[in-house]
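Below is one structure, written out as C-alpha cells; comments come after it.
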Amino acid sequence: MTTDPETPEDGKPRFTKSHGRIAVRPSRKPTALIQDRPDLAGAWRAKVITLFPNSFPGVLGESLTGRALQDGLWALEPIDLRIFGRGKHRDVDDTPAGGGAGMVLRADVVGDALSFAQRDVSENRKKWPIVYLSPRGKRFDQKMAQRFSQAEGITLLCGRFEGVDQRVLDAFEVEEVSLGDFVLTGGEIAAQALIDATVRLIPRVLGNAESAEEESFSHGLLEHPQYTRPTDWQGRKIPDILLSGHHAKIAEWRTEQSKDLTQKRRPDLWRAYLDDTDPVEDQEL
Ligand code: SAH
C-alpha cells in the first residue's frame, strides 16, 4: 500500500491547507509575481503532526499571532497523521506491547509522518528541532521558547491515547517537551501554547518590540503589577508613583515590585535570580 500523501488511494487530496502566506509559495499561479508580497523564504515555520489538523491554527489565528501569520512572519503546516495510517481504515494506533490499557501510536505510521515533515528541512536538529509534546518531557519555559524562535522552524508531534511507540522517538532524535505536571488528552493544546510563546519572540510579531523584553521571566523575575484607567476604581487607586511622571522612580518601584513578587511566589526563580545576578550590576538596579 502507499503512504505517499501526494497519491492517496482514492485520489482525493487529504492535506489540510497550510496557513499563512507561505502557503501560496508552492502554487503555480503567478500571484507571487504580480503582488507585492514579502519574501517568505526565511519565515519561521511550524509543522504539526496531528490527528486533528482542523484544530489549527485555532487560537493562533487570532490577535497578534494571527496577524503575523497573515503577514507571513511565520507559517503553519498541519500534517494529518491519518494519511499515513495503515489499511482500509488507515489505522494509526494499536494495543500496547506487554498489555495494559489504551492504545499507542504506531512507530511505522508516525515514522512516515515524520519523514514527510522533514522532507524539505534541515537535518540539523539545532536548526530544526523535532518535538514530541509529552508529560514526560523537559518542562517548557521561556528559555526554550527563545531557542525554538532562533531555529529555522520546528516539527511538533501531537500524541493521543497512551502516547507514541518509543522506537520512533529514538530513531528521529525527538526532543520530549512538557507543558507542565498534568496530563492532557492530546498534544494539540500544548503545541499551540508552545507555538504561541515562540512566535511572539520573532521580531515584528509583537507590535512593540520592548514588551517582550520587559515581561515575566525575561530578566529572571516575574512582572510588576499593571494598572490602567480609571485612576480610581471603586475606591481603589492606582499607586501615586505611577502617576508622578517620574520615570526613574517608576522604574525603581517596578523593579522592587518584581523582586517582591518573585520572592513571595516563586522562591525557585528568586534563588536562580540571586545566583545569576552580578552583585555590582544588582546595585545599579
Ligand atoms: N500515557 C501518557 C499520557 C498520554 S496523554 C503518560 O502517562 O505519560 C496523550 C497525549 O497528550 C500525549 O501523547 C501528549 O502528546 C499529550 N500530553 C498530555 N499531557 C501533556 C503535557 N503535560 N505536556 C505536553 N503534552 C501532553
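Regarding V168, is this residue more than 18 Å from the chain's Cα centre (by Cα), more than 12 Å from the ligand (Cβ to nearest atom) and in contact (Cβ under 8 Å) with a residue 40 or more places away in the chain? It is true that V168 is more than 18 Å from the chain's Cα centre (by Cα), more than 12 Å from the ligand (Cβ to nearest atom) and in contact (Cβ under 8 Å) with a residue 40 or more places away in the chain. Total residues in segment 88-111 satisfying the condition of being within 16 Å of the ligand (Cβ to nearest atom), outside any helix (DSSP H, G or I) and at negative phi: the figure is 11.
Return the residue satisfying two criteria in turn: it lies in segment 242-255 and is in contact with a helix residue (DSSP H, G or I) (Cβ under 7 Å, 6 or more places away or on another chain) and within 13 Å of P225 (Cα to Cα), and of such residues it is surrounded by the most Cβ atoms within 10 Å (Cβ to Cβ). For segment 242-255, the residue satisfying everything is L242.
Residues that are more than 30 Å from S218 (Cβ to Cβ) and within 16 Å of the ligand (Cβ to nearest atom) within segment 112-143 comprise A113, L114, A117, listed in sequence order.
Tell me, yes or no, whether segment 171-178 has at least one residue that is over 24 Å from Q70 (Cβ atoms), buried (at least 17 other Cβ atoms within 10 Å of the Cβ) and within 8 Å of the ligand (Cβ to nearest atom). Checking segment 171-178: at least one residue is over 24 Å from Q70 (Cβ atoms), buried (at least 17 other Cβ atoms within 10 Å of the Cβ) and within 8 Å of the ligand (Cβ to nearest atom).
Wholly within segment 185-285, which helices (runs of 4 or more DSSP H) include no fewer than the required count, namely at least 3 residues that are at pLDDT below 95?
Details: elements: 188-199, 209-214, 247-265, 267-276, 279-284.
Per the criteria, 209-214, 279-284.
Which of (1) surrounded by 20 or more Cβ atoms within 10 Å (Cβ to Cβ); (2) over 28 Å from V168 (Cα atoms) is the odd one out, the single condition E77 does not satisfy? For E77, the exception is condition (2). Within segment 91-109, none of the residues are farther than 21 Å from F172 by Cβ, within 19 Å of the chain's Cα centre (by Cα) and at pLDDT 95 or above.
Against the numbered list (1) of a type in the set (S, T, N, Q); (2) over 30 Å from S55 (Cβ atoms); (3) within 16 Å of the ligand (Cβ to nearest atom), Q257 comes up short only at (3).
Each residue in segment 190-211 was checked for being surrounded by 17 or more Cβ atoms within 10 Å (Cβ to Cβ) and either of a type outside the set (D, E, K, R) or in contact with a Gly (Cβ under 6 Å, 6 or more places away or on another chain) (or both), and 13 pass.
The values are calculated or read from the model by the stated rules, or taken from the named source; none is laboratory data. Just so we're clear, the structure is a prediction, and the values are computed from it rather than from any experiment. As a convention, Cβ positions derive from the backbone with ideal geometry for all residues, glycine included, and neighbour counts pool all protein chains shown.
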